[in-house]
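The values are calculated or read from the model by the stated rules, or taken from the named source; none is laboratory data. Predicted, not measured: the structure shown is a model, and the values here were computed from it. Please note: Cβ atoms are built from the backbone with ideal geometry, for glycine as well, and neighbour counts cover all protein chains shown.
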């Protein structure tokens with residue numbers, strides 16, 4: 001049974017690394033899309049190393065002769081403490097990426113709206129045919145229209161175009177404001193869910209954490225365990241189970 005548990009544990013850890021590594025490439029540090037993709041991969045697969053490490057520890061409990069050794073298990077538990085800290089840091093990081101992505105989309109919409117507003121202002125100031133054609137070219141998708149014969153005087157064309165553009169600008173401004181508000185509302189629940197998942201993983205890995213001086217790790221102190229068996233000396237294992245020899 002110990003042999004089966006240890007190999008299943010290693011398999012789960014390897015699957016975790018394979019999925020996370022595939023999600024990290026291509027690497028684009030500090031880009032919201034990359035941070036969101038990496039965070040999602042970690043949240044979606046972190047249960048694998050959590051369960052895998054537990055299986056390896058249990059295998060060593062059952063049979064001390066299986067790999068890894070008791071000293072190597074201490075290293076596993078130290079890595080678990082680092083993983084717990086990593087998931088705590090992932091909470092603000094993924095929140096930053098989500099908010100940054102929303103702002104980036106809003107900025108793109110605002111930039112497109114600003115181009116239409118600038119085109120409308122240029123169109124308003126046009127007094128000659130050339131100025132009118134230049135103003136039409138500044139409107140998104142107006143290049144082909146500007147090269148056609150006008151078919152009327154400058155003032156008539158200008159007035160007709162302004163009547164079409166101004167309502168569109170108003171609608172675009174209202175849609176932009178609604179989009180910002182709706183985007184923030186739609187991300188509150190997912191952000192809370194993702195933060196709760198990261199916190200849960202942090203608690204899980206902190207439960208396996210090990211301090212090199214044999215005292216409870218800072219993360220385990222935050223949990224404030226009431227059971228004194230949770231405060232273990234170096235090389236200790238789980239509450240109520242025999243200690244692993246050094």
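Checked against the criteria, residue 5 does not count as modelled with pLDDT under 90 and in a loop (DSSP other than H, G, I, E, B).
For the range 63-82, the criterion of being crowded, with 16+ Cβ neighbours inside 10 Å, at pLDDT below 85 and either in contact with a strand residue (DSSP E or B) (Cβ under 9 Å, 6 or more places away or on another chain) or farther than 30 Å from residue 196 by Cα (or both) is met by at least one residue. Total residues in the range 1-39 satisfying the condition of being surrounded by fewer than 16 Cβ atoms within 10 Å (Cβ to Cβ), in contact (Cβ under 8 Å) with a residue 60 or more places away in the chain and farther than 30 Å from residue 62 by Cβ: the figure is 1.
Please work out if residue 204 is over 30 Å from residue 129 (Cβ atoms), touching a helix residue (DSSP H, G or I) at 6+ places or on another chain (Cβ under 6 Å) and at pLDDT 80 or above. Yes; evaluated as a whole, the condition is true for this residue.
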